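Enquirer: One structure follows; several queries about it will come next.
The values are calculated or read from the model by the stated rules, or taken from the named source; none is laboratory data. Just so it is clear, the model here is predicted, and its values are computed rather than measured. In this analysis, Cβ positions are derived from the backbone assuming ideal geometry, glycine residues included, and neighbour counts consider all displayed protein chains.
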Amino acid sequence: MNFAVLQFPASNCDQDALHAVKGVLGQSARFVWHKENSLAGFDAVIIPGGFSYGDYLRTGAIARYSPIMQAVRDFAAQGGPVLGICNGFQILCEAGMLPGALVRNRSLQFRCEHVFLKTAAPDTPFTGKIAAGKILRIPIAHGEGCYFADEAALENLQNNGQILWQYCDAQGELTERANPNGSLRNIAGVCNAARNVAGLMPHPERASEAILGSADGLLIFQSLLAWFENRMAKAA
């Protein structure tokens, strides 16, 4: 499987993402600069975290206009999997590829800590290898991670199974105390209606090896790999 890891000015989690899929997962991967306009030859796209364009205007607002984003839209329209992490999630929302928006944390403070995640939709390319009932322990690092959408959009996400992960406590309960940023319905990550574009605020690439304190994030990348291998087997 060949991963594209996008790079924008001020991306700072790109090397971590590349290491997770290439050094740990053992797959092919390379960086793709934001001024490129093709994703030919890639099987999956990762939009990593950071502060693209210095978060000017608002997070992800400028990056959505980078040349590479039209290629990302075309790639997704053809069914290719796209994963946005932290700032990548913000960019996908700004680009209209995912519903909702990420706004300032309820505490008005930058939050950098480990959180617990409950997987709400097990049947997607990003969650298929996560065992039922498994609570993920993955770090966050953001100032604008509060997920917001109007009530109609939230109901639509819920009814369509587009909420992928929710902040929870160690026992899997969706409590207010376990919610680090005030996200509505404790939402930590969502996908599009076609289920091939996903975004989450926590950083699975920073929890891909036991030496980091948790390897739970690797399950998300392993899910993508398993989905791709199954797709190739069906096509053969």
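Enquirer: Identify, from the list Leu184, Leu102, the residue that is among the aliphatic types (A, V, I, L, M) and more than 15 Å from the chain's Cα centre (by Cα).
Expert: Being among the aliphatic types (A, V, I, L, M) and more than 15 Å from the chain's Cα centre (by Cα) holds for just one of Leu184, Leu102, which is Leu184.
Enquirer: Still on this structure, please answer the following. Please indicate, with yes or no, whether at least one residue in region 179-192 is over 30 Å from Gln15 (Cα atoms), of a type in the set (Gly, Ala, Ser) and without any contact (Cβ under 8 Å) to a residue 40 or more places away in the chain.
Expert: Within region 179-192, none of the residues are over 30 Å from Gln15 (Cα atoms), of a type in the set (Gly, Ala, Ser) and without any contact (Cβ under 8 Å) to a residue 40 or more places away in the chain.
Enquirer: Something else about it: Take region 186-217 and flag every residue that is assigned to a helix (DSSP H, G or I) and either crowded, with 21+ Cβ neighbours inside 10 Å or touching a Phe, Trp or Tyr at 6+ places or on another chain (Cβ under 8 Å) (or both).
Expert: Asn186, Pro204, Glu205, Arg206, Ala207
Enquirer: If you don't mind, there's one more thing I want to ask. How many residues are surrounded by 14 or more Cβ atoms within 10 Å (Cβ to Cβ) and on the phi < 0 side of the Ramachandran plot when one looks only at region 45-57?
Expert: 7
Enquirer: Filtering region 59-81 down to residues that are within 15 Å of the chain's Cα centre (by Cα) and closer than 22 Å to Phe228 by Cα, which residue is surrounded by the fewest Cβ atoms within 10 Å (Cβ to Cβ)?
Expert: Gly80
Enquirer: Kindly indicate the residue of region 119-175 that is out of contact with any Pro (no Cβ under 8 Å at 6 or more places or on another chain), among the small types (Gly, Ala, Ser) and surrounded by 15 or more Cβ atoms within 10 Å (Cβ to Cβ) and also nearest to Arg185 (Cα to Cα) among those meeting that condition.
Expert: By that ranking, first place goes to Ala120.
Enquirer: Going through Ile85, Ile91 one at a time, which residue ends up being in contact with an Asp or Glu (Cβ under 7 Å, 6 or more places away or on another chain) and over 15 Å from Cys146 (Cβ atoms)?
Expert: When all the criteria are applied, what remains is Ile85.
Enquirer: Same structure again: Give the number of residues within region 82-118 that are over 21 Å from Gly182 (Cβ atoms), surrounded by 23 or more Cβ atoms within 10 Å (Cβ to Cβ) and in contact with a helix residue (DSSP H, G or I) (Cβ under 6 Å, 6 or more places away or on another chain).
Expert: Residues in region 82-118 being over 21 Å from Gly182 (Cβ atoms), surrounded by 23 or more Cβ atoms within 10 Å (Cβ to Cβ) and in contact with a helix residue (DSSP H, G or I) (Cβ under 6 Å, 6 or more places away or on another chain): 1 in total.
Enquirer: Looking at the structure I just gave you, is Leu102 assigned to a strand (DSSP E or B) and either of a type in the set (A, V, I, L, M, F, W, C) or at pLDDT 95 or above (or both)?
Expert: yes
Enquirer: Only one of (1) touching a Ser or Thr at 6+ places or on another chain (Cβ under 8 Å); (2) surrounded by fewer than 22 Cβ atoms within 10 Å (Cβ to Cβ); (3) at pLDDT 95 or above fails for Phe42. Which number is that?
Expert: Only one criterion is unmet by Phe42, namely (1).
Enquirer: Return only the number of the condition from (1) within 13 Å of the chain's Cα centre (by Cα); (2) over 16 Å from Leu25 (Cβ atoms); (3) aliphatic (A, V, I, L, M) that Leu224 does not satisfy.
Expert: (2)
Enquirer: Residues to consider are Gln158, Gln166; find the one that is over 17 Å from Leu92 (Cβ atoms), in contact with a Leu (Cβ under 6 Å, 6 or more places away or on another chain) and either at pLDDT 95 or above or not in a helix (DSSP H, G or I) (or both).
Expert: Gln166
Enquirer: Can I ask one more? So, Thr127, is that one over 18 Å from the mean Cα position of the chain (by Cα), in a loop (DSSP other than H, G, I, E, B) and hydroxyl-bearing (Ser, Thr, Tyr) or not?
Expert: No: the conditions fail for Thr127.
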